[in-house]
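These notes concern the structure reproduced below.
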Amino acid sequence: MPGSVKLAAKAMATRASYEWQYSTDQKTWTHAPSSLQAKTVITGLTSGTTVYFRVRGVTKAGEGAYSQIVQILVS
């Protein structure tokens, strides 16, 4: 059964976009759709699986560093 996760990050700047990634092994990362807000919902995840997430902000000055990795058990 597919699950979903709601994610929120601290806003990086007034005008920023956010690049979201997720992984089940922290080696291979999948890009989720970018957003213009510091929050998103990632769907289609496998329930009962531990998934790792990270995000980075992008401004006109360039790409920021990825955030610390967050581990979530998808329900």
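The values are calculated or read from the model by the stated rules, or taken from the named source; none is laboratory data. Note that the structure is a prediction, hence the values are computed from the model and not measured. Methodologically, a virtual Cβ is constructed for each residue, glycine included, from the backbone with ideal geometry; neighbour enumeration extends over all protein chains shown.
Can you work out which of the residues in region 10-32 that are under 9 Å from the mean Cα position of the chain (by Cα) and not acidic (D, E) is nearest to S75 (Cα to Cα)?
Y22
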_All positions within region 39-71 that are buried (at least 17 other Cβ atoms within 10 Å of the Cβ) and among the aliphatic types (A, V, I, L, M)_ = I42, L45, V51, V55
*Please specify each residue of region 1-18 satisfying the condition of being surrounded by 17 or more Cβ atoms within 10 Å (Cβ to Cβ) and over 15 Å from S34 (Cβ atoms).*
G3, V5
*Only strands (runs of 3 or more DSSP E) wholly contained in region 1-53 count here; list those with 2 or more residues that are closer than 16 Å to Q71 by Cβ and not aliphatic (A, V, I, L, M).*
2-8, 17-23
*Any chance you could count how many residues in region 10-35 are modelled with pLDDT of 95 or more and touching a Phe, Trp or Tyr at 6+ places or on another chain (Cβ under 9 Å)?*
15
